[in-house]
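Inspection log for the structure reproduced underneath, given as C-alpha cells.
Just so you know, all these numbers are worked out from the coordinates, no wet-lab data involved. Because the structure is predicted, anything quoted here is derived from the model rather than measured. Backbone-built Cβ (ideal geometry, glycine too); neighbour counts: all protein chains shown.
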Amino acid sequence: MKYCFGVDIGGTFVKLGLFTVEGELLEKWQIKTRREDNSEHILPDIAESLEQKRIENKIEKNDILGVGFGTPGPVTEDGVAVCPANLDWKNKPVAKELSELTGYPCKGGNDVNVAGLGEMWRGGAKGYKNVVVVPIGTGIGAAIIYNGQIIVGTRGAAGEVGHIHVDDEIDKKCGCGAIGCVEQFSSATGLVRMAKKIIEETNRETSLRNFEVLEAKDVIDAAKAGDEVADGIFDKFCDYLGYSLAATAAVIDPEIFIIGGGVSKAGQVLVDRVQTYFVKYAWPGIRDIKFALATLGNDAGIYGAASMVIKKD
C-alpha cells in the first residue's frame, strides 16, 4: 500500500491528512500555525507532525509518495510562496524546505487552487477536467482548471474573478483599491454590506432589523423564509455573481462551475438562482455549462494537496 500526505496551511491552523494513493482519507488532524519568529516554526512543525503520524500508523518511509501543500497567496510552479496572507513569509521556498525536512518529494500551490483540485479529484467536480471552482466567503476567488491542470497566470493572479467590475454606483473602494468589484456585492461581506445599507437608508419592513450582529447566513435564511427585502438583496447578490461567471465562461469555457465556500451552505437555491442569471448574461454557445455545489467542505484543501503528488484517475 502506498500513501501520501495533504497539508493545508492557514493563518491560524494547519490542516493535515493521510491518504491512500487511491484517494481514501485515512485520518485528518490539525496543528496550530505558530507564527513566532517570522513563521519559521511552521514547516518544522508540519514535518514533525507528519513523521509522528507515519510512525503511529506503522508506515514505512518508502511507502510515502510525497507531501502536497496549499498556502495563501501566489505560489510559483516550483513551490515558492511569494507573499502569503497571514503568514510572515516572502519568497519562501516551501516545497524545497519541506522536502528537506521530511525527506519526501513536495509540491504545492495557492490554497484556493489546491482546494479546486480537491473538488475535481474527489468532490463536486469529480469526472470533469475543465472546471472553475468558486469559493465564496469573505471574498471571492476561483480555481481555474484546464485539462486537469491549474491555470496560475504570469503573476499567479489567474482566477481573481472577484475583481470583475459590475457596478458604477457604489462609492466605497474594494480591498483591491478599485470600485464596483463583484466581491463588494457577491461575497459574505458584500451581502451584509448591502443589507445594512438598506436597513440604514430605508424604512422598509424586514426581519433583518432584528439582528444585533447581522451575518450573511441571516440574510439568506430570511430570503428563504419569504422576507421581501432580504430576497431582493440575495437576488442582487446572485445577479452580479451570475454576470461575472458569464464573463469568466466567455474566456475559459469550462465544463462546470463548482460553488463552494461558506456561502455555499445556502444550498441549491443559491446555485439555481446564480445559474438563472448566468444564462441571462452568457452568450448562447456557453449557456449550457453545468453548475453544482462543492462537496468536500473544509477538507478540499488537503484532498487537493494530496492529489498534487500522486497520479490521479
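Loop-resident trypsin sites (Lys or Arg not before Pro) (DSSP state other than H, G, I, E or B) in the stretch 1-101 with no more than 16 further Cβ atoms inside 10 Å of their Cβ: Lys2, Arg34, Arg35, Lys58, Lys90. For the stretch 145-231, GluC sites (Glu not before Pro) are listed when DSSP marks them as loop and at most 11 other Cβ atoms sit within 10 Å of their Cβ; the list is Glu169, Glu205, Glu212. Only the Cβ atoms of Lys and Arg (+1) and of Asp and Glu (-1) were treated as charged; on that basis the dipole of the stretch 1-61 about its Cα centre amounts to roughly 100 debye. Relative to the Cα centre, the charge distribution of the chain, modelled as +1 at Lys and Arg Cβ and -1 at Asp and Glu Cβ, gives a dipole magnitude of about 500 debye. The fewest-to-most ranking of Trp89, Trp283 by surrounding Cβ atoms within 10 Å reads Trp283, Trp89.
Using a Gaussian network for the chain with springs between C-alpha atoms less than 10 Å apart, which of these wobbles most: Leu270, Leu87, Leu101? Judging by the Gaussian network model, the answer is Leu101. Anyone know which of Lys173, Lys107, Lys236 comes out most mobile in the 10 Å Cα GNM of the chain? The residue that fluctuates most here is Lys173. The residues packed around Phe234, meaning those with a beta-carbon under 15 Å from its beta-carbon, carry a net charge of 0 if Lys and Arg are +1 and Asp and Glu are -1. Neighbour counting of Cβ atoms within 10 Å sorts the residues Val269, Val161, Val67, fewest neighbours leading, into Val269, Val161, Val67.
Under a Gaussian network description of the chain, with springs only between Cα atoms under 10 Å, the residue in Phe69, Phe291, Phe13 that fluctuates furthest is Phe13. With neighbour counts taken as other beta-carbon atoms within 10 Å, the residues Ile302, Ile42 rank, fewest first, as Ile42, Ile302.
If only the Cβ of Lys and Arg carry +1 and only the Cβ of Asp and Glu carry -1, the dipole of the stretch 131-295 around its Cα centre is close to 340 debye. Axis of helix 268-281 versus longest Cα principal axis of the chain: the two differ by about 70°, to the nearest ten degrees.
Spatially, the stretch 212-229 and the stretch 107-185 are offset by 25 Å when compared through their Cα centroids.
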